[in-house]
Amino acid sequence: MRRRDEKGKTLTGRLRIKAANFPFKRLAASIRPLFLALFCALLLSGCLQALYPRTKPPQYYRIDYPFRPSLCGKPFPATVRIGPFTASPPYDREQMVLCAPGREVDFSSHYQWIAPAADMIANDLMRDLSIGKVFENAVPAGSSVPATYRMSAEIYRFDLEKGRTSSRALLDLEITLWRVKPRRIVFQKHFHYQSPPLASNGPSEFAAAMSDLVARLSMDLRNDLCALSKDSSHPAGD
């Protein structure tokens, strides 16, 4: 029995020696920097998100209204080139503009138009003049199609005006139509519109109100041009 005990002790001692020789300390020493680096990376990412939070992607809005026909018995027997339209600062950008009392102007980086105001209005008027047959043909500014007439516009207001008790959408611009050869202005008018008081300053309400104003502009412009085309003294024709 004593021999077996000694043998047992000897075997146990050998196992302990082998376990002691296994490099656990080396493995732990090599893994520790890896866990430390991972912990630091996670901590740093959390700090960066706190200092520089992710901004939401912008929301885009457009001018949208159904076409409203107008009576135009005698259209201009010619082609008109629409644009380019221009806008005075700060309305020459995509950001929605809010004008507050005290002549303060705020831009929204989150709520934006799909295009600058000048481009949106030019596209809408070209569509309406073409469908309404006010001219034989309406082409954009970059078209190579010869045109007898040119139409330009300068936009002075295209914003949400915030008052003391309510807000309104404002549209203010001047439109000019001239004959290319010989150059002669045949129509020039200043248009000014404001919406009824809005229930809120939200971008959806602003976009809907501005769409109604552009629709009114389109109808008034077409009625004015149709009245002009009935006058036999206007210089129409190719």
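The values are calculated or read from the model by the stated rules, or taken from the named source; none is laboratory data. What you are looking at is a predicted structure, and each value in this text was computed from that prediction instead of being measured. Positions of Cβ are generated from backbone atoms using ideal geometry, with glycine treated the same way; all protein chains shown enter the neighbour counts.
Determine, yes or no, whether Ser70 is surrounded by 13 or more Cβ atoms within 10 Å (Cβ to Cβ), more than 19 Å from Ala215 (Cβ to Cβ) and among the hydroxyl-bearing types (Ser, Thr, Tyr). Judged against the criteria, Ser70 is not a match. When segment 157-166 is filtered for residues that are touching a residue at least 40 places away in the same chain (Cβ under 8 Å) and either hydrophobic (A, V, I, L, M, F, W, C) or out of contact with any His (no Cβ under 9 Å at 6 or more places or on another chain) (or both), the ones remaining, listed by number, are Phe158, Asp159, Leu160, Glu161, Lys162, Gly163, Arg164.
Is there a residue in segment 157-169 that is surrounded by 21 or more Cβ atoms within 10 Å (Cβ to Cβ), assigned by TED's automatic domain parsing to the domain that holds His190 and polar (S, T, N, Q)?
yes
In this structure, Pro90 does satisfy being surrounded by 14 or more Cβ atoms within 10 Å (Cβ to Cβ) and modelled with pLDDT of 90 or more.
Scanning segment 94-117 for residues that are of a type in the set (A, V, I, L, M) and either modelled with pLDDT of 95 or more or touching a His at 6+ places or on another chain (Cβ under 7 Å) (or both) returns Met96, Val97, Ile114, Ala115, Ala117. Segment 125-238 holds no strands (runs of 3 or more DSSP E) entirely within its bounds that carry 1 or more residues that are closer than 26 Å to Pro75 by Cβ, charged (D, E, K, R) and in contact with a helix residue (DSSP H, G or I) (Cβ under 6 Å, 6 or more places away or on another chain). The number of residues in segment 168-215 that are small (Gly, Ala, Ser) and in contact (Cβ under 8 Å) with a residue 60 or more places away in the chain comes to 4.
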